[in-house]
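Worksheet: the structure to be examined is printed underneath.
The values are calculated or read from the model by the stated rules, or taken from the named source; none is laboratory data. Since we're looking at a predicted model, the values are computed, not measured. Methodologically, a virtual Cβ is constructed for each residue, glycine included, from the backbone with ideal geometry; neighbour enumeration extends over all protein chains shown. We work out accessible area using only protein heavy atoms, side chains counted, and drop any ligands, DNA or RNA first. Shrake-Rupley method; radii C 1.70, N 1.55, O 1.52, S 1.80 Å.
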Amino acid sequence: MNENTQKLTVGSLWKGVLIFSLPLFVTNLLQVLFNMTDVAIVGKFSDSNALGAVGATPILVTLFTGFLIGLGNGVNVVVARFLGTKDDKGLKESVHTAFVLCLIMGIIIMLLGLFFSKYLLVWLKTKESFIDGANLYLKIYFIGMPAMALYNFGNACYSAIGNTKRPLIFLAIAGVFNVGLDLIFVICLHMSVDGVAIASVVSQYISATLLIISLAREKNAMRLRFKDIRIYKGRSKAIIALGLPSGFQSAIFAIANLVIQSGVNSFDDIVVKGNSAAQNADSITFNVMASFYTACSSYMSQNYGAGKKNRVLNSYFVSLTYSFLTGAVMGVLLLVFGKPFLGLFTNEEAVINAGYERVKIMSFSYAFGAFMDNTIAASRGIGKSLIPTIIVISGSCVFRVIWVYTIFAHFHTITSLYLVYIFSWVITAIFEIAYFIYVYKKQIRLIKS
């Protein structure tokens, strides 16, 4: 573990952040492919209603899984901080406390999804022809939430020490099972949304089990010992203080996006299906860019703990550059290859054209999201999570709701709805950057020269 720790506190940041992020890049992409595979297979081998049903679920899935990912971000920062200060006792107690907290949240979210998914679909004004299939998919999918919680816990621990390859390997193994089971259930057994949901759940438990076994075999202070699993006094506070705001931030974004989805649902079935297909492009781009946000938090947190002032701020700029360029490149690729990409999910030309309307607008927007999300990750890396979350709620989420009920309500065009993303990102980024400058100057004085 010492070698991995050193990689974050010494050496070239440009090289280090890139090497750190690439496995995360692929890991996040594979996670997205779980749901994308579901959409593609039911769209190609089942029927268009099945596509619409599965396509109606990503925002609701994000509402809950985003919370678990945010909680994992809190674990990542806390573990990285103890690594930086070389506090083995604090590291051990935090890892075991985090395991319990993540598992509890996974179970709670599973129960919420099982009991309230249909009510949320109705509130979203999901098309009547899609709602039963979407509800069935969600009820099965949410059985996998405890596994997803534990996977994000393990992924956060390994990311904090710079080992981003191991979670990738385990996720790749699970991904092979996911695709294979999708094909067997849908093509061979003639199942539909239930088949792809079961495949996703099985793959989630496979990846989580492999990661937990790996942590249990570690030879250092991060080793997971089942007899030591409990909530240690004083350790949960730091994880919750960083993880809950991050989790709520992701969840609140999803809630704001639910309002946008209700706007999409006010159009005809072709637009709804096209939007469902095009959202896969968003998922790919956001998750690929997120690998650099994780790098930003991990590098800043560990270097802050190690007292290396210059590397703290430089980690922010390097991560921001990489994430901005990634968003720009992904946008260009989707602009050029958008229609063939959408063709992976549907055979209907009208649906492809409707989806491309979203792709055209979002391709110019992705890069600007880096200024907001990377800055939030930077603030979290130096121990500040609550205020950035409040800024996101005020500057982005509330703004989106206002936009839907004013600008979109006035024009009621799909273009006026999709433009809400770039405007909300830019406005929120301005306030996030202003706060980060303020808090960075304050926090950096606490580091002893």
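The table below gives the values:
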| item | result |
| --- | --- |
| Test for G154: is it farther than 17 Å from S200 by Cα and under 16 Å from the mean Cα position of the chain (by Cα) | yes |
| Count - residues of the stretch 108-149 that are aromatic (F, W, Y) and under 19 Å from the mean Cα position of the chain (by Cα) | 2 |
| Single match in I184, I198, I169 (criterion: part of a helix (DSSP H, G or I) and open to solvent by less than 70 Å² (accessible area, probe 1.4 Å)) | I198 |
| Of residues in the stretch 237-256 being at pLDDT 75 or above and open to solvent by 30 Å² or more (accessible area, probe 1.4 Å), the one farthest from the chain's Cα centre (by Cα) | K237 |
| Pair list, Cβ < 8 Å and 6+ apart or interchain, from the stretch 96-110 residues that are closer than 11 Å to L224 by Cα to residues that are assigned to a helix (DSSP H, G or I) and among the hydroxyl-bearing types (S, T, Y) | T97/S236 |
| Scope the stretch 406-424; condition open to solvent by 70 Å² or more (accessible area, probe 1.4 Å) and touching a residue at least 24 places away in the same chain (Cβ under 8 Å); matching residues | H412, F423 |
| Conditions (1) more than 17 Å from the chain's Cα centre (by Cα); (2) in contact (Cβ under 8 Å) with a residue 60 or more places away in the chain; (3) open to solvent by 20 Å² or more (accessible area, probe 1.4 Å); number of the one not met by I284 | (1) |
| E357 being on the phi < 0 side of the Ramachandran plot, open to solvent by 10 Å² or more (accessible area, probe 1.4 Å) and in contact (Cβ under 8 Å) with a residue 12 or more places away in the chain | yes |
| Where a residue in the stretch 425-446 is closer than 17 Å to Y366 by Cβ and without any contact (Cβ under 8 Å) to a residue 60 or more places away in the chain and its partner, wherever it lies, is assigned to a helix (DSSP H, G or I) and open to solvent by 60 Å² or more (accessible area, probe 1.4 Å), with Cβ under 7 Å and at least six apart | V426/F368 |
| Flag for V176 being over 19 Å from I140 (Cβ atoms), outside any loop (DSSP other than H, G, I, E, B) and open to solvent by 50 Å² or more (accessible area, probe 1.4 Å) | yes |
| Subset of the stretch 37-50 that is surrounded by fewer than 20 Cβ atoms within 10 Å (Cβ to Cβ) and assigned to a helix (DSSP H, G or I) - its residue that is modelled with the lowest pLDDT | S48 |
| Yes/no for Y232 being assigned to a loop (DSSP other than H, G, I, E, B) and not hydrophobic (A, V, I, L, M, F, W, C) | yes |
| Scope the stretch 217-227; condition among the charged types (D, E, K, R) and either closer than 11 Å to C157 by Cβ or surrounded by 14 or more Cβ atoms within 10 Å (Cβ to Cβ) (or both); matching residues | E218, R223 |
| Residue within the stretch 204-211 that is in contact with a Leu (Cβ under 7 Å, 6 or more places away or on another chain) and open to solvent by 20 Å² or more (accessible area, probe 1.4 Å) present | no |
| Helices (runs of 4 or more DSSP H) fully within the stretch 290-394 counting 2 or more residues that are among the hydroxyl-bearing types (S, T, Y) | 309-342, 349-363, 366-381 |
| Counted residues, the stretch 307-324 - those being small (G, A, S) and surrounded by fewer than 22 Cβ atoms within 10 Å (Cβ to Cβ) | 1 |
| One residue from S319, S394, S379, S323 being hydroxyl-bearing (S, T, Y), more than 18 Å from the chain's Cα centre (by Cα) and under 24 Å from K441 (Cα atoms) | S394 |
| First in the stretch 155-174 and aromatic (F, W, Y), second anywhere and part of a helix (DSSP H, G or I) and open to solvent by 20 Å² or more (accessible area, probe 1.4 Å), Cβ under 6 Å, 6 or more apart | Y158/R166; F170/L210 |
| Pair list, Cβ under 8 Å, 6 or more apart: the stretch 192-210 residue at positive phi, other residue at pLDDT 85 or above and open to solvent by less than 50 Å² (accessible area, probe 1.4 Å) | none |
